[in-house]
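All remarks here apply to the structure that follows.
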Amino acid sequence: MVASKLVMSLALCVALSALAAQPAATDSAAQPLAKGDPRIEVAAHITGAHPEELRATPVPGLWELTRGTDIAYVTADGKYAFSGDLIELGTNNNLTETHRRDLRLKAIAAYPESEMLVFGPRDPKYTVTVFTDVDCPYCRKLHSQIAEYNHLGIRVRYLLYPRTGPNTTSWTKAEQVWCSSDRNEALTRAKLGEDLKSKSSCDNPVARSYALGQDFALEGTPAIIMPNGEMLAGYLPPDALMQRLKETK
């Protein structure tokens, strides 16, 4: 299993601390911790960790460390960390995925819908949020059926996520879509391969939606965030997505 970026960053922090001690960053928006909070002592043993990032697990001596939606597990003495999902065997409940879904929902809820491109019926049955890339073949396939999704009662909220990153052609196209007078029409045209003549220098949310996708550790597009926070990696036809939504708990 490949170690998560969070585990790797912890290892790097430990290595760097041997060269120079750096003051811990503080989060001015964080709620003050109560005196005697055990997370304070645990964080003191883990280089680069802050108490607010820690959460107790059902396993004695094992703590969950969260940054964005990236989750790792660390021992209270700060000696060991590992990535992977924590499963409660008696119930087969994936405790890590449950928390990960909650984190995604909170992040999506905090992201303004005004910075999304929304395609949907007047009275939708379900709403999904989709990270999309103008040039991604399966993103284009999904969008070519947007009327079918909408007809089934599925409202689609797009977040622009050019997979190639900043300063690339796909990034410029995403900005051009947003800077168009009719953004939904521009997205459709761009996904059909048409060249957009609109400018790409307006105030736009591409960097913010891209950063959110990075926090979600996206490995490809489309990435569909379900109403319960589950993330589906890849394209699903309208009927298949509707069935998944009906089965969503």
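The values are calculated or read from the model by the stated rules, or taken from the named source; none is laboratory data. This is a predicted model, so every value here is computed, not measured. With ideal geometry, Cβ positions are generated from the backbone for all residues, glycine too; neighbour counts draw on all protein chains shown.
Worth pointing out:
- Residue pairs meeting the criteria (Cβ under 7 Å; at least 6 apart or on separate chains; first crowded, with 23+ Cβ neighbours inside 10 Å, in the stretch 129-146; second at pLDDT below 95): 131/218
- Entry remark, the stretch 138-181: residues being part of a helix (DSSP H, G or I) and either among the charged types (D, E, K, R) or not assigned by TED's automatic domain parsing to the domain that holds residue 126 (or both) number 5 in total.
- Residue match in the stretch 87-94 (condition: surrounded by 15 or more Cβ atoms within 10 Å (Cβ to Cβ) and either under 29 Å from residue 45 (Cβ atoms) or out of contact with any Cys (no Cβ under 9 Å at 6 or more places or on another chain) (or both)): no
- The residues of the stretch 62-78 that are polar (S, T, N, Q) and within 20 Å of residue 211 (Cβ to Cβ), listed by number, are 66, 69.
- Taken over the stretch 182-205, the criterion of being of a type in the set (Gly, Ala, Ser), surrounded by 14 or more Cβ atoms within 10 Å (Cβ to Cβ) and either assigned to a loop (DSSP other than H, G, I, E, B) or not assigned by TED's automatic domain parsing to the domain that holds residue 168 (or both) is satisfied by 198, 200.
- Failed item in (1) out of contact with any Gly (no Cβ under 7 Å at 6 or more places or on another chain); (2) in contact (Cβ under 8 Å) with a residue 40 or more places away in the chain, with residue 176 passing the rest: (2)
- Set side by side, the residues 244, 208 differ, and just one is farther than 29 Å from residue 166 by Cβ and in a helix (DSSP H, G or I), which is 244.
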